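Below is one structure, written out as structure tokens, with a few remarks after it.
The values are calculated or read from the model by the stated rules, or taken from the named source; none is laboratory data. Remember, predicted model here, so these are calculated numbers, not experimental data. Using ideal geometry, Cβ is built from the backbone for each residue, glycine included, and neighbour counts are taken over all protein chains shown.
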Amino acid sequence: MHRFTDIESTSKRLPPVYGYLTHQLVPLSKALEPISSTIDQLDRFGKIAKNECHFPSEYGLTRDESAAVYLYTMEWGENSFYQVINRALRAEDRSALKPWFAYLKLFDVAVQKLPNVRKNLWRGVSKDITRNFKKGDEFTWWTISSCSTSVNIIKDFLGPNSTLFLIEAINGKDVSSCTNYPNENEVILCPGTRFRVVSDPLDQPPMHLIHLQEITDDDEESLSTGLKTMTMASASKAASTHTLPNVKASQVHIHTDQSGNRYEGEMKGENRHGKGKMDFASGDKYTGDWIEGKRTGHGVYIFARGNRYEGQWKDNKMHGKGQIDLANGGKYTGDWIEGKRTGHGVFIYSSGDRYEGQFKDNNRHGQGKMDYANGDKYTGDYIEDKRTGHGVYMFASGSRIYAMQ
């Protein structure tokens, strides 16, 4: 098996994995300690990765961050690092992933600094698994998925009666500069990437071809546009539910509740479930995924006061990765936990100040760097939004540098 062929033959539904986003960022050696017993000589391989990784990085990765990516791409047999971590990411017992959180945090921070790739990618598996993929199917890969921009690279790892995946990627991450094999043109699809099967599998002797398309929040916008073409007058201002014509009654509905909130989209029983759009009486709007009546998955929320959030949700709260554009001109891109900025992120203030680093409960908390609009810079520790701990503050004039304890 190779990284490019490490694919689950069936796409089972698994609970999301977000806990690592709030884990403290630690050096690679410390991140590997909780999982050292799962891989023989892992400490040795970690040291090799740190010595051989690409550093300094043109994309601003630290040595530990670059080494984390390098370690993932190393091949040393049946128990290679990528095989073990992807087995853990596929496991139904999500609590078993906790020992991996420190590494996943370091890996995630690293790849988020790398260039985005929006192009066709390839990967494959050395058997026919086409029966498990039908046109219109949607699913999520929770593993770290290695792909290549070159189909010939993938074919070298496959034999007859294999399955080749053509993937229209939007948010791939180019790791070719960080890997142990730079000539493989490797692009990573991060855990939690969602896909739609574009067409029924095709036979391309001696292989089979499955065409996938990455699903992003643009699909939610498309859903909104499509639903607007299906019009139906409301019988009254009281609570009412109507099934759209020519659509299965169990799937797409229009529902207006007694508060004036109007929902268009898929339902399961009495709950909003699937894809849909909600126009709130308050003026807020949400377009995206729902599970059992709650905003869960990917979606776009436009607040009446002008703020706009696009990203992941869980139980009606911003949870996972997302971006909020504030009405005052500010913008935050990064991690969220239960509706609050928590984890790693970048906040650009309306004043022009820019902070990149750790957050907790909407506050700068942990290590970070602030570039002020006036030219001043601070790099160091924060606690509850205040510079506290060790840090260096350099004035725009360059005349004074403070080291603080």
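Inside segment 330-384, residues that are among the small types (Gly, Ala, Ser) and within 23 Å of TRP313 (Cα to Cα) make up a count of 6. Residues in segment 30-71 that are in contact with a Ser or Thr (Cβ under 8 Å, 6 or more places away or on another chain), of a type outside the set (Asp, Glu) and touching a residue at least 40 places away in the same chain (Cβ under 8 Å) were compared, and the one that is surrounded by the most Cβ atoms within 10 Å (Cβ to Cβ) is VAL69.
Hey, any hits in segment 134-151 for a residue that's assigned by TED's automatic domain parsing to the domain that holds PRO201, among the hydrophobic types (A, V, I, L, M, F, W, C), more than 16 Å from GLU214 (Cβ to Cβ) and surrounded by fewer than 21 Cβ atoms within 10 Å (Cβ to Cβ)? So far as segment 134-151 goes, yes, one or more of its residues are assigned by TED's automatic domain parsing to the domain that holds PRO201, among the hydrophobic types (A, V, I, L, M, F, W, C), more than 16 Å from GLU214 (Cβ to Cβ) and surrounded by fewer than 21 Cβ atoms within 10 Å (Cβ to Cβ). Checking the structure you have, find out if any residue of segment 307-326 is more than 30 Å from ASP381 (Cβ to Cβ), out of contact with any strand residue (DSSP E or B) (no Cβ under 8 Å at 6 or more places or on another chain) and either in a strand (DSSP E or B) or modelled with pLDDT under 90 (or both). No: segment 307-326 contains no residue that is more than 30 Å from ASP381 (Cβ to Cβ), out of contact with any strand residue (DSSP E or B) (no Cβ under 8 Å at 6 or more places or on another chain) and either in a strand (DSSP E or B) or modelled with pLDDT under 90 (or both). When you look at ARG295, is it of a type in the set (Lys, Arg) and modelled with pLDDT of 90 or more, yes or no? Spelling it out, ARG295 is indeed of a type in the set (Lys, Arg) and modelled with pLDDT of 90 or more. Here PHE195 clears all of (1) within 21 Å of ARG13 (Cβ to Cβ); (2) part of a loop (DSSP other than H, G, I, E, B) except the condition numbered (2). Candidates in segment 315-370 are the residues that are more than 21 Å from PRO191 (Cα to Cα) and of a type in the set (S, T, N, Q); of these, the one that is surrounded by the most Cβ atoms within 10 Å (Cβ to Cβ) is GLN367. Beta carbons closer than 6 Å, at least 6 apart along the sequence or on distinct chains, pair a first residue in segment 139-154 that is over 10 Å from THR193 (Cβ atoms) and among the hydrophobic types (A, V, I, L, M, F, W, C) with a second that is at pLDDT 90 or above and in a helix (DSSP H, G or I) for ILE153/GLU184. Quick check on segment 370-389. Is at least one of its residues hydroxyl-bearing (Ser, Thr, Tyr), free of Cβ contacts under 8 Å to residues at least 12 places away in the same chain and within 21 Å of LEU25 (Cα to Cα)? Within segment 370-389 (the criterion being hydroxyl-bearing (Ser, Thr, Tyr), free of Cβ contacts under 8 Å to residues at least 12 places away in the same chain and within 21 Å of LEU25 (Cα to Cα)), the answer is yes, since at least one residue qualifies.
Considering segment 265-288 alone, what residues qualify as being modelled with pLDDT of 90 or more and either among the charged types (D, E, K, R) or in the same structural domain as VAL17 (by TED's automatic domain parsing) (or both)? Selection gives ARG272, LYS277, ASP279, ASP284, LYS285.
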